[in-house]
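Chemist: If you scroll down you'll find the structure; I have some questions about it.
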Amino acid sequence: MRAIPQKIQILKFIGEQGIVTLSDVARHFLCPDKSSYIRVALYKLGIAHSKYPEIPNGIWFIDNPKLYELLKLYYPDFPQLEVRPLSLGRVPHCLELNRIRTTFTQTHLITIDEWWSERCLWALPLSFRANFCSEKIPDAIFWRRRKDGSRQKYFLEYERTLKSKDRYDDIFRTYAKRQEVKDRNVIYICATAHIKEELQNIEKCLVKSGRLPDAGLYFQFITLEGFYKTHSNNPINEDKSHEHNKELYANV
């Protein structure tokens, strides 16, 4: 197997996530002091970029379909992604997901064995996509490698803003019907404590009305701040995050 150049690995990360910053790439590849090198690599690859408020060097995205063809040369099984118009309204959501992914994959608390972003899930053929998820496509699916070598599947949702209550009713019940959803393996990371409380209340209402069997079976709700405190590799937070970590991955 031939070695895959780092610039191709960077291209793959951008394809998977959709929109990135130089800091996102540097953080993900553990080279925080190489933003200049990364910027040059992105220019050479032909990655498009656009100015964005308060972000040095703006945001970067793929607008050339030939770059996806290049990816397939190195990753033959990579989904066939398509160029999408830049949606500025989705930028904050996308950039936070980049940080969430990198925090998960670099934390010392768990080992991430595989990661599928929403973009890649949508790009799969419908028949094959059903092997990963049916109906509702989450923001990401990842697998945690246990110490015994087995794997646990997780569904990740980042809630930056609240949807309507009726929509959550439908989403929660759809998740609950999936055979692979169990042991609280649907993780909702909530931008604020208010969003977390609202989602917990909706779950309670569904249980009370008999539309969910019980609370705490399928979902766990954590704030964005709590997630970073728990999973960032910061010795200062280790003692405080230990009990929360036991709860987050209990019984799985």
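The values are calculated or read from the model by the stated rules, or taken from the named source; none is laboratory data. Just so it is clear, the structure is predicted and the values come from calculations on it, not from any experiment. Glycine also receives a Cβ, built like all others from the backbone with ideal geometry; neighbour counts cover every protein chain displayed. Just the protein is used for accessible areas: all its heavy atoms, side chains included, with ligands, DNA and RNA removed. Shrake-Rupley method; radii C 1.70, N 1.55, O 1.52, S 1.80 Å.
Chemist: Would you please give the FRET efficiency between Asp77 and Lys136, computed as 1/(1 + (r/R0)^6) with r the Cβ-Cβ distance and R0 = 30 Å, to the nearest 0.05?
Modeler: Computed FRET efficiency for Asp77 and Lys136 comes out at 0.80.
Chemist: If you stretched the chain out fully between Arg173 and Ile4, how much longer would it get, using 0.36 nm times the residue separation minus the C-alpha to C-alpha distance?
Modeler: Values: separation 169, 0.36 × 169 = 60.84 nm, distance 4.19 nm.
Extra length available between Arg173 and Ile4 comes to 56.6 nm.
Chemist: Shape of region 65-196 from its Cα gyration tensor (a ≥ b ≥ c, root eigenvalues): rounded if a/c is under 1.5, otherwise prolate when a/b > b/c, or oblate?
Modeler: It is rounded, given that a/c, with a ≥ b ≥ c, falls under 1.5.
Chemist: Here is a further query. Is region 29-96 best put as rounded, prolate or oblate by its Cα gyration tensor, with a ≥ b ≥ c the root eigenvalues, rounded for a/c under 1.5, and otherwise prolate when a/b is larger than b/c, oblate when not?
Modeler: Because a/c hits 1.5 or more and a/b fails to exceed b/c, region 29-96 counts as oblate.
Chemist: If you take every DSSP beta bridge whose two residues both sit in region 93-200, what share of them, in percent to the nearest 5, is antiparallel?
Modeler: Taking every DSSP beta bridge within region 93-200, about 70 percent pair in antiparallel fashion.
Chemist: Using unit Cβ charges (K, R positive; D, E negative) and no other charged atoms, how large, in debye to the nearest 20, is the dipole of region 24-72 about its Cα centre?
Modeler: Working: 7 positive and 5 negative charges, 30 e Å.
It comes to approximately 140 debye.
Chemist: Separate question: Just how far, in whole angstrom, is region 169-235 from region 90-159 if you go by their alpha carbon centroids?
Modeler: Between the Cα centres of region 90-159 and region 169-235 lies a distance of 16 Å.
Chemist: Let me cross-check Leu30: its accessible surface, 1.4 Å probe, with only protein heavy atoms counted, in Å² to the nearest 10?
Modeler: 130 Å²
Chemist: Write down Rg/Rh for region 1-131, rounded to two decimals, with Rg from the C-alpha atoms and Rh from the Kirkwood relation over Cα pairs. Walk me through the intermediate numbers first.
Modeler: Details: Rg = 14.6 Å, Rh = 15.5 Å.
Over the Cα atoms of region 1-131, Rg/Rh equals 0.94.
Chemist: Dipole size in debye (nearest 20) for the chain around its Cα centre, Lys and Arg Cβ +1, Asp and Glu Cβ -1?
Modeler: On the way: 39 positive and 31 negative charges, 94 e Å.
About 440 debye.
Chemist: Here is a further query. Sorted from largest down, what three extents in whole angstroms do the Cα atoms of the chain have along their principal axes?
Modeler: Computed over the chain, the largest-to-smallest principal extents equal 57, 46, 42 Å.
Chemist: For the residue pair His108 and Lys229, what label-to-label distance in nm results when each label sits 7 Å from Cα along the Cα-to-beta-carbon direction?
Modeler: So the label points at His108 and Lys229 sit 2.0 nm apart.
Chemist: Treat each spin label as a single point 7 Å out from the Cα along the C-beta direction, and report the Lys51 to Trp143 distance in nm.
Modeler: With each label point 7 Å from Cα toward Cβ, the separation is 4.5 nm.
Chemist: Normalising by the residue count of the chain, find the relative contact order in percent from Cα pairs under 8 Å and 6+ residues apart.
Modeler: Worked out over the chain, it gives 14 percent.
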